[in-house]
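First comes the structure, then the notes that go with it.
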Amino acid sequence: MCQSASEPAFAGIDVGSLTTKAVIISNDGIAGSGVVPTGVRPEESGPEVFRIALKAANLSEEDVAYLVATGYGRVSSDYADKTVTEITCHARGAYYLHPATRTIIDMGGQDCKVIRVNGEGNVTDFAMNDKCAAGTGRFLEVMSGVFKVDINEFGPMALRATDVVPISSTCTVFAESEVISLIARGELPENIISGIHSAISNRIAGMAARVGVEGDVFFSGGVAKNAGMKAALERSLRSSITVPAFDPQLVGALGAAVIAETTGRKAGA
Amino acid sequence: MTLRAIANVRDALASRPAEIEAARKQGAKVIGWFGYATPIEIIHALGLIPIRLGRGGDDRLVEIGARYISNQNCVFLRASIGLFAEKNDVYVKNVDAVAIDGTCLQMYRMADLLDYYFKVKTVVLCVPRTFQTAGARAYFHRELQWFVHELEEIAGTPLDPEKLAESVALYSSIRNTTRELYHHVSRGRLSLTWRELYEAVHAGYYLSPEKYASLLHELLARVEHGENTVAASDGPRIMLSGSVLAPGDTKLIEIIEQAGGRVVVDDLWSGLSPSLVRINEPTVTGIADAYMDRVPHAAQPHLDRQTDHRLANMMRLVRESNVDGVIYHTLRYCDPFTFKAVEVKEVLGNEGIPMIEIHTEYAGSDTEAIRTRVEAFIELLTSRGCRPGQPVAEVRV
C-alpha cells in the first residue's frame, strides 16, 4: 500500500470460508466496510471487497497506508502487507469495540472459537472446534434448509419455542436425519429449532470451559446476528453476552484494520 | 547449513536396508520392536538386530490398517498394522519376530493382530500399570526374565552377562551423547537444529548401535567444536510434547517452522524420552529397574501430580530450555496423551507457560486448520514479549 500526503487510513480484510469482509479505519474511526461472497477464488474476493470498502469510505487505495489480511484465505492474499490469524484479529476487534471484553465467542462459516483476552486486548488462550461443522454457520444453514426457512428467520423461530426438543447430535449429517425424524414425529418446528440452537450452545459451552469464561463475553461472527443463538449461549454459559451494534460479521476485519494501524504507525505511516 | 555429520547419518541410513538383508543371509535375525519399555540392550546382547518399527504421516497406511482394526483406534497403530499388511517397508520385510511391550494397551493389542492376521512371531513384554509398589516391581522383574527366555529361544543362545554389559555400555553411550546433543540444541547459538537432531534420533531406530554411536560421537564433536555455528533464528522457543511423532510425520513440525516458531526441546517417546533411561547395573534386574525408574509414559494410569515425574521432567525441561510455550501434540485416538492434555495445560499454566493442544491425524485435510492454531499460538507468545536469542540456561537433560 502507498501512503498519501493526507492522514493515512488502514485496512483489514477477513477472507472467510463463506464471505470476505473489509473494514477501513482512520482517525475518525470506522470509515467504511464491505462484504462479498468468497466463492472459489479467495485471492480475488479480497481485492474486490477492498474496492467496495474504499468506495464506502470515499477513499482511494493510495490513502491506505497498511493492510492486514486474516481468515482462512489469508494465505493467498499477496495484496496484504501482513497476515495475522483470525484468532488474534477477532480478539483485537472485539477489544476495540468493547474494551471490557475478556472472553470472545466467534461463530463463523466453518469454524467456531472461544478466545480469552487480557486487559490489553492480547490473546491469552483460545480453543477451536475440531474439523467438523458442529457449532458453525454452515451447520445452521443446513438445518434451516431442512425446514426450508431463510437463515435470517432461524434464530427468531427458536425464540418462539414453547419447549426445547433435545437434539442429541451436532454432526451435520446425523443431525439432519434426526431433525427429519422429529418433524415426522410431529414436534413443533420452533421447538426443534430451539433444540438445535441448544445443542450447539452446549457444545460451545464445553469448549469455553476449557479456556475459562471470565469477564464480559463478546459474541462475534456471522452467527452472532442470530438472536436465538445468543439466547441459547446465554442459557448454556449462564452469562449475559454482548453482541455489538457494529456488524458482528465484520469484527475480524475490524481487528485486522486495528492491527494494520498499530503496525503501520510503528513502521512510520 | 547442515553439518557433514548429519549427512553421514543420512548416508549410513541409505545403506542400512542392504546391510540388514546381507546379515540375514548370513543367518542373523532381526527383531522389530514397538513400545516404551522394550529393552533393546537385551535384544542386541543376544546377537539379534533390533529395529524400531513404525512410520507416521501416511494416511494410506492408516486406511490399510483399518481393514484389520477399528477406525476408532490410534492412528499410529493403524498405520503400523498397515505396514505389515502392505509389507513394502524395507524393515518390516526383514523382521523375524516383533517385540512389543504393554505400556500402551493399544500397542499391546497389536501383537495379537500381527500374530493372527500376518502370522508374525511376537514376543510380548507385560508391564504393570504402576511401578510404585513392590509387587508391581517384582512382577516386572519376572516378566523381563520371561522375555529374555523367549528371545534366547529365537537367538538360539543364552544371554551372556559379559555381552549384556557391553550392550548396556554401548546404549548408555548413545543415550548420553543424545542428551548432550539436546543440550546443545537448546542453547541460543547452534550448529544443529532440533529438526536435524530429531532426524538423527530416528536414524538410531535402524542403524547398528555400534555405527550409530560412532556417528553420534562425530556429530557431538563437530557441534562442540562449533562447526557451522550460526545465530539462532528468530521466534518463540517451543517445546513439543504429547503423542508419538514417528518418522515421516512431519506435518506439525513443518507448520511450526513455517509459522516462525522454533522447537528447542521435546519430551517425546519418539524423541528425547528414550535417552532418559539410565542403567546403573548391567543385569536383567538392573535393566528392569532402570526402565521402571525412567520418566513414565502417559499410559501409566497411577500417576498424580505429586508422583508423576513425567510432569516434573516436563517442567524441568521447560525451565532449563527457557521455553516460551508448549505445543502438545495428540494423535487421534491416542488415549494416553489425550487424557493427560487438560492436566498438562493446568500444570504449565500454573507456571505461566502457555500450552496449545494440537489434535491431528495423518490425513492432510486439517493442515490449514492446524496452521491457524499454531500461527495464533505463535502470535500469542509474541504478544507476551518473546524475544529471539534470549540468554538460555545450561541444559543437562
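The values are calculated or read from the model by the stated rules, or taken from the named source; none is laboratory data. Every value quoted in this text rests on a predicted model; they were computed, and no experiment measured them. FYI the Cβ positions are ideal-geometry reconstructions off the backbone, even for glycines, and counts take in every protein chain you see.
Given the options B:MET292, B:MET315, name the one that is more than 27 Å from B:GLY57 (Cβ to Cβ) and free of Cβ contacts under 8 Å to residues at least 60 places away in the same chain.
Unique residue meeting the criteria: B:MET315.
Take region B:250-261 and flag every residue that is part of a loop (DSSP other than H, G, I, E, B) and either surrounded by fewer than 24 Cβ atoms within 10 Å (Cβ to Cβ) or at positive phi (or both).
Those that are part of a loop (DSSP other than H, G, I, E, B) and either surrounded by fewer than 24 Cβ atoms within 10 Å (Cβ to Cβ) or at positive phi (or both): B:THR250, B:ALA259, B:GLY260.
May I ask you to verify whether A:ARG116 is farther than 21 Å from B:THR360 by Cβ, touching a residue at least 40 places away in the same chain (Cβ under 8 Å) and touching a Phe, Trp or Tyr at 6+ places or on another chain (Cβ under 9 Å)?
Against the criterion (farther than 21 Å from B:THR360 by Cβ, touching a residue at least 40 places away in the same chain (Cβ under 8 Å) and touching a Phe, Trp or Tyr at 6+ places or on another chain (Cβ under 9 Å)), A:ARG116 qualifies.
Which of the residues that make up region A:206-256 are of a type outside the set (Val, Ile, Thr) and in contact with a Cys (Cβ under 9 Å, 6 or more places away or on another chain)?
Residues satisfying the conditions are A:MET207, A:GLY221, A:GLY252, A:ALA253, A:LEU254, A:GLY255, A:ALA256.
Among the residues of region A:85-99, count how many are within 11 Å of chain B (Cβ to nearest Cβ) and not in a loop (DSSP other than H, G, I, E, B).
Qualifying residue count for the region: 7.
When you go through A:VAL179, A:VAL149 one by one, which is the residue that is surrounded by fewer than 16 Cβ atoms within 10 Å (Cβ to Cβ) and either farther than 30 Å from B:ARG384 by Cα or outside the structural domain of A:MET229 (by TED's automatic domain parsing) (or both)?
Among A:VAL179, A:VAL149, only A:VAL149 is surrounded by fewer than 16 Cβ atoms within 10 Å (Cβ to Cβ) and either farther than 30 Å from B:ARG384 by Cα or outside the structural domain of A:MET229 (by TED's automatic domain parsing) (or both).
If only one of B:ARG396, B:ARG387 is over 21 Å from A:VAL123 (Cβ atoms), in a loop (DSSP other than H, G, I, E, B) and either at pLDDT 95 or above or away from chain A (no Cβ under 14 Å) (or both), which one is it?
B:ARG396
Give the residues of region B:334-345 that are of a type outside the set (Gly, Ala, Ser), within 13 Å of chain A (Cβ to nearest Cβ) and under 22 Å from B:ARG129 (Cα atoms), sorted by residue number.
B:THR338, B:VAL342, B:GLU343, B:VAL344
Given the options A:ALA80, A:ALA69, name the one that is buried (at least 24 other Cβ atoms within 10 Å of the Cβ) and closer than 18 Å to A:THR262 by Cβ.
A:ALA69
Within region A:59-76, identify whether any single residue is farther than 17 Å from B:ALA376 by Cα, within 14 Å of another protein chain (Cβ to nearest Cβ) and over 19 Å from the mean Cα position of the chain (by Cα), and answer yes or no.
Within region A:59-76, one or more residues are farther than 17 Å from B:ALA376 by Cα, within 14 Å of another protein chain (Cβ to nearest Cβ) and over 19 Å from the mean Cα position of the chain (by Cα).
From the list B:LYS25, B:LYS87, B:LYS93, pick out the single residue that is in contact with a Pro (Cβ under 9 Å, 6 or more places away or on another chain), surrounded by fewer than 20 Cβ atoms within 10 Å (Cβ to Cβ) and more than 27 Å from B:VAL295 (Cβ to Cβ).
B:LYS93
Among the small types (Gly, Ala, Ser) and farther than 28 Å from A:GLY46 by Cα: is that true of A:GLY212 in this structure?
yes
Looking only at region B:346-370, filter to residues that are within 8 Å of chain A (Cβ to nearest Cβ) and assigned to a helix (DSSP H, G or I); which one of those is nearest to A:ASN118 (Cα to Cα)?
Going through the qualifying residues, I end up with B:ALA369.
Of the conditions (1) free of Cβ contacts under 8 Å to residues at least 24 places away in the same chain; (2) within 18 Å of B:GLN106 (Cα to Cα), B:HIS309 clears all except one; give me its number.
If we test B:HIS309 against (1) free of Cβ contacts under 8 Å to residues at least 24 places away in the same chain; (2) within 18 Å of B:GLN106 (Cα to Cα), just (2) comes out false.
Let me confirm something: among A:VAL40, A:VAL23, A:VAL49, which residue is without any contact (Cβ under 8 Å) to a residue 60 or more places away in the chain and surrounded by 22 or more Cβ atoms within 10 Å (Cβ to Cβ)?
The conditions single out A:VAL49.
Among the helices (runs of 4 or more DSSP H) lying completely within region A:171-269, list those that include at least 2 residues that are on the phi < 0 side of the Ramachandran plot, over 19 Å from the mean Cα position of the chain (by Cα) and within 14 Å of chain B (Cβ to nearest Cβ).
Helices (runs of 4 or more DSSP H) meeting the threshold: A:189-211, A:251-266.
Give the residue that is modelled with the lowest pLDDT, with candidates limited to residues of region B:178-225 that are hydroxyl-bearing (Ser, Thr, Tyr) and within 23 Å of B:ARG237 (Cβ to Cβ).
Within region B:178-225, the match that is modelled with the lowest pLDDT is B:SER191.
Would it be correct to say that A:SER17 is closer than 30 Å to B:MET355 by Cβ, of a type in the set (Ser, Thr, Tyr) and either out of contact with any Asp or Glu (no Cβ under 7 Å at 6 or more places or on another chain) or surrounded by fewer than 17 Cβ atoms within 10 Å (Cβ to Cβ) (or both)?
Here the answer is yes, as A:SER17 does meet what is asked.
Being in a loop (DSSP other than H, G, I, E, B), surrounded by fewer than 24 Cβ atoms within 10 Å (Cβ to Cβ) and touching a residue at least 12 places away in the same chain (Cβ under 8 Å) is the requirement here; does B:ARG55 meet it?
Answer is yes for this residue.
So which residues in region A:100-157 are within 14 Å of chain B (Cβ to nearest Cβ), assigned to a strand (DSSP E or B) and of a type outside the set (D, E, K, R), if there are any at all?
A:ILE104, A:CYS112, A:VAL114, A:ILE115, A:VAL117, A:VAL123, A:THR124, A:PHE126, A:ALA127, A:MET128
I need the full set of residues from region A:53-84 which are outside any loop (DSSP other than H, G, I, E, B) and either more than 26 Å from B:GLU368 (Cβ to Cβ) or among the aromatic types (Phe, Trp, Tyr) (or both), in order please.
A:LEU54, A:LYS55, A:ALA56, A:ALA57, A:GLU61, A:GLU62, A:ASP63, A:VAL64, A:ALA65, A:TYR66, A:TYR72
Which of the following residues is modelled with pLDDT of 90 or more and surrounded by fewer than 21 Cβ atoms within 10 Å (Cβ to Cβ): B:VAL318, B:VAL277, B:VAL326, B:VAL264?
B:VAL277
Tally time: how many residues in region B:62-91 are part of a helix (DSSP H, G or I) and out of contact with any Cys (no Cβ under 8 Å at 6 or more places or on another chain)?
Counting residues in region B:62-91 that are part of a helix (DSSP H, G or I) and out of contact with any Cys (no Cβ under 8 Å at 6 or more places or on another chain) gives 14.
Report, ordered by the first and then the second residue, all pairs with beta carbons closer than 7 Å, sequence separation of six or more or different chains, a first member in region A:157-172 that is at pLDDT below 95, and a second member that is aromatic (Phe, Trp, Tyr).
That search, which allows pairs on different chains as well, returns A:THR172/A:PHE139.
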